[in-house]
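The structure appears below as structure tokens.
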Amino acid sequence: MTSVLYDTPGPKAKARNWIYSGIFVVLFGLALWWVLSLMAEKGQLDADKWTPFVTDGQIWTTFLIPGLLETLKAGAIAMVIALPLGALLGIGRLSDHAWVRGPVGAVVEFFRAIPVLILMVFGSQLYVQFTDIPSEHRPLYAVVTGLVLYNAAVIAEIVRAGVLSLPRGQTDAAKAIGMRKGQTMAYVLIPQAVTAMLPALVSQLVVILKDTALGGSLLGLGELLSMNRQISANYSNTIATLVVIALIYIVVNFALTSFASWLEGRLRKSTKGTGAVVAGDVAEVDAGGATGVGKAP
């Protein structure tokens, strides 16, 4: 199959691809062998480092499962708040009224430019100074605040890029039948843009889930990664613990992306989309269109 950007490889190209793939597999195998050799020399592959995760249920009930639940709770709360807030900000940036578009744009650019960790730290200090939230709950509030402010700004750009990825004829047709801007956005543009935005939105949801670890490292939130310190202190198996925690993150994020892929397929079958897809990087979107917006083949 040949397209503008891709030519079907011939026999020589296929042979080269196999050779390159073989070289990569060999190099990767050598690198893995080297890493495992170093770990074995340091005693990191000894059975007593890994068997607690199989034989000792307390390591799961006391540390890993509570940490995972705290991660999921913080991530879920942030997602539930950031998604609608980001959608509203994205729609606000598309407003025809400058008095709406300007302030909303300033808010989005401001919070998108600040590292999420700084937002968490500021949130924690604000809760200390101006609220009576108990200290044991304060880390969760601070982490969710930082995640919501930053990710709502990013989601706003995803929404704006998704709407701008649609053909201009969609808006013109809605205007021709007398629909107002709000009706056009609600009934024509947003439903079609959802499938284009979904891959980028899922990527941002995965980022939200992973960024909860920042709260554990600095603010004392008892999320999954922070359990590494307690497990290592009790079992002296830092490397093994980090590997297990990384695998848990992989499983959870894979489940999230798999569900999103299934949902995207259902949406594409049930609605007639334009085929546009918003890329994960929507850092810059100009007035005439959206960077990172392309047409699916």
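The values are calculated or read from the model by the stated rules, or taken from the named source; none is laboratory data. Just so it is clear, the model here is predicted, and its values are computed rather than measured. Here the Cβ positions follow ideal geometry from the backbone for every residue, glycine too, while neighbour counts run over all protein chains shown.
Could you say whether any residue in region 192-205 is within 21 Å of Ile65 (Cα to Cα), assigned to a helix (DSSP H, G or I) and not polar (S, T, N, Q)? Yes; the residues of region 192-205 include at least one that is within 21 Å of Ile65 (Cα to Cα), assigned to a helix (DSSP H, G or I) and not polar (S, T, N, Q).
The selection criterion, being surrounded by 10 or more Cβ atoms within 10 Å (Cβ to Cβ) and either modelled with pLDDT under 85 or aliphatic (A, V, I, L, M) (or both), holds for Leu68. For region 117-161, filtering for residues that are under 27 Å from Ile190 (Cα atoms) and not in a helix (DSSP H, G or I) leaves 0.
Filter region 232-250 down to residues that are over 27 Å from the mean Cα position of the chain (by Cα) and part of a helix (DSSP H, G or I), then give me how many there are. Total satisfying the criteria: 4. Taking Lys175, is it among the basic types (Lys, Arg), over 30 Å from Gln125 (Cβ atoms) and free of Cβ contacts under 8 Å to residues at least 24 places away in the same chain? When the stated conditions are applied, Lys175 passes them.
I'm trying to understand the selection: among the residues of region 125-168, which are of a type in the set (Lys, Arg) and surrounded by fewer than 24 Cβ atoms within 10 Å (Cβ to Cβ)? Once the filter is applied, which keeps residues that are of a type in the set (Lys, Arg) and surrounded by fewer than 24 Cβ atoms within 10 Å (Cβ to Cβ), region 125-168 yields Arg138, Arg168. Of the residues in region 59-81, not one is under 27 Å from Tyr235 (Cα atoms), without any contact (Cβ under 8 Å) to a residue 40 or more places away in the chain, outside the structural domain of Asn237 (by TED's automatic domain parsing) and not charged (D, E, K, R). The number of residues in region 89-122 that are surrounded by 11 or more Cβ atoms within 10 Å (Cβ to Cβ) and more than 20 Å from Val207 (Cβ to Cβ) comes to 11. Which pairs do you get when a residue that is within 16 Å of Leu242 (Cβ to Cβ) and without any contact (Cβ under 8 Å) to a residue 60 or more places away in the chain, found in region 32-46, comes within reach of a residue that is surrounded by 11 or more Cβ atoms within 10 Å (Cβ to Cβ) and not hydroxyl-bearing (Ser, Thr, Tyr), reach meaning Cβ atoms under 6 angstrom, with the pair 6+ apart or on two chains? Matching pairs, first to second residue: Leu45/Met39.
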